[in-house]
Amino acid sequence: MNTVSASAPAPVPTPPARKGRGLLVLIVAVLALGAILYALSIINNAPRTDDAFAQADTIGVAAQVSGRIVELKARDNANVRKGDVLFVIDRTPFELDVEKLRAQAATLEQQIILNQRQVDAQKHAATASASSVERAAENAAQKLSTLRRMEPLLADEFISKEQVDQARTASRTASQELQAARADHQRALSAVSGVDALVAQRAELKAAIAHAEYLLEQTIVRAPFDGRVVDMKIAVGEFAAAGHPLFTLIDTGRWYVVANFRETELGQMRSGAEAHVYLMTSPDRKFRGVVESIGGGVLPDEGGSAQGLPRVPRSINWVHVAQRFPVKIRVTDPVDEQFRIGASAVAIVSTGGGRREGP
C-alpha cells in the first residue's frame, strides 16, 4: 500500500509594493519623530508667542498754567521733534503780571532812594547833636571851674557875693544846657532809621518777578522729546486747566514689545537675552530686540488682594493652564512708521546667554 506524505505549502512571496509601503511608513515615522524633537528643541531654546503687542512710554501733555489756547501747532497722529511748539496759551494776563511786578520793583527802588536820603539826614542830625553835646559839656565844665575858683575868694572879700551868685547861676545853666543837648542827641540817635526792611522787600519782589516770568514762559508748551501726538480732541479756544492732560504724546525714541509667555517657558529666560519680534502689519520684517525685564507678578484669575499688577487672562478658563507673565523686550532697531502702541506682534526669545534675572 502506497502512502503519500504531506508536504508544507511553499511560502507566498511578499509583493514588492507592500515592502516599499512599509519602508515608506518607517521613514515617515522617523522623520516625524525627528521633526518633533527638532521642534521641541527650538521651543526650548527659543520660546515663541503671538500673545504680544507693541508698547512705548507715553505722557499726558498738560499745561503748567491755566488759560485759553490761542495757537494749536500740534496735529493728531503727527510726529513732533523735541522742542517743537505744541500749543500756546493766552499770554496777556501773565505779561500784565510781569509788568505789574516790575512797576512795583521800580517804585520800591525810588522808596529806597528816598528813605536812604532821610536816613542820611538823620545821621547828620545825630552827628550835629553830638557836637552840641560836646560844646555844652565844655561850657559846663568851664562854668563850674570858674565857680570853684571864685568861691574861695568870697571869704577874703576879694569878690562880691553877687559875682559868686552870678557864677553859680552860669554854672547851673551850663549844666542844664548840657543835659538838654544830651537829650537832643539821644532823640537824634533814635530817629536814625534804616532801609533794611525795604531791601528785604526788594529780594522778595525780585523772586516774585522771576516766578511771574517763569509762568509766562510756560504759556508756550513744547514737546519734551521726539514723539507722536495721539488722542487729540481739542481746538483753538479750549480752556487749558493747569495739570489737566489735553492729549497724549508717545515717546517714539524707545519702542518695546510686551510678550506674554507661559510660566513654563520663563525658567531659561534671562534679562539681556537676544530676541526677535515681528509685527502683524509687516510680518516679513524681523526686528531685533533685547529682553529688558521679566514680569514679577500678574493678577491671578482666582482672585487675590494684590493691587497694581498687570492682568493677563488665560485662554481657557475651565481648564487649569499655565499662567502667562509679561516679558518686556526693547526693540533695538525700530522703524517708527511701522510701530504703533497696541499693535499685534510675535516674539521669539533666545534662552542662551544674557544676564540672569534676579539673584
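What follows draws every value from the coordinates through simple rules; no lab data is involved. Source: prediction; values computed, not measured. Virtual Cβ from ideal backbone geometry, glycine too; neighbours counted across all protein chains shown.
Points to keep in mind about this one:
- Separation in nanometres of the label points that stand 7 Å from Cα toward Cβ, at Arg68 and Arg330: 4.6
- Each label point was placed 7 Å from the Cα along the Cα-to-Cβ direction; for Glu337 and Asp284 their separation is 1.6 nm.
- Cα extents of segment 173-252 along the three principal axes, largest first (Å): 95, 26, 15
- Estimated vicinal HN-Hα couplings, Hz - segment 138-144 in sequence order (Karplus 6.51, -1.76, 1.60; Gly, Pro = x): 5, 5, 5, 5, 5, 5, 5
- Computed label-point distance, nm, for sites Ala197 and Ala103 using a 7 Å Cα→Cβ extension: 2.5
- For segment 94-214, the average shadow cast by the Cα convex hull is 8.6 nm², which is a quarter of the hull's surface.
- Loop-located trypsin sites (Lys or Arg not before Pro) in segment 52-156 whose Cβ has at most 13 other Cβ within 10 Å (DSSP): Arg75, Arg81, Lys82
- Taking θ as phi - 60° and the Karplus parameters 6.51, -1.76 and 1.60, the scalar couplings of segment 146-151 work out to 5, 4, 5, 6, 7, 4 Hz in sequence order, x denoting glycine and proline.
- Among the chymotrypsin sites (Phe, Trp or Tyr not before Pro) within segment 84-181, those in coil by DSSP and having at most 13 neighbouring Cβ atoms inside 10 Å are Phe158.
- Among the trypsin sites (Lys or Arg not before Pro) found in segment 228-269, those both in a DSSP coil and sparsely packed, with 14 or fewer other Cβ atoms within 10 Å of their Cβ, are Lys233.
- In this structure, the amide hydrogen of Ser293, modeled 1.01 Å from its nitrogen in the peptide plane, lies closer than 5 angstrom to those of Lys328, counting only residues at least 5 positions away or on a different chain.
- Straight-line cross-link reach from Lys328 at under 17 Å between alpha-carbon atoms covers these aspartates and glutamates, not counting any fewer than eight positions away in the same chain: Asp50, Asp51, Asp57, Asp251, Glu263, Glu265, Glu274, Glu292, Glu357.
- Only lysines eight or more places from Lys100 in sequence, or on another chain, were considered; those with a Cα closer than 20 Å are Lys206.
- In summary, the lysines within cross-link reach of Lys82, defined as a Cα separation below 17 angstrom excluding same-chain residues under 8 places away, comprise Lys73.
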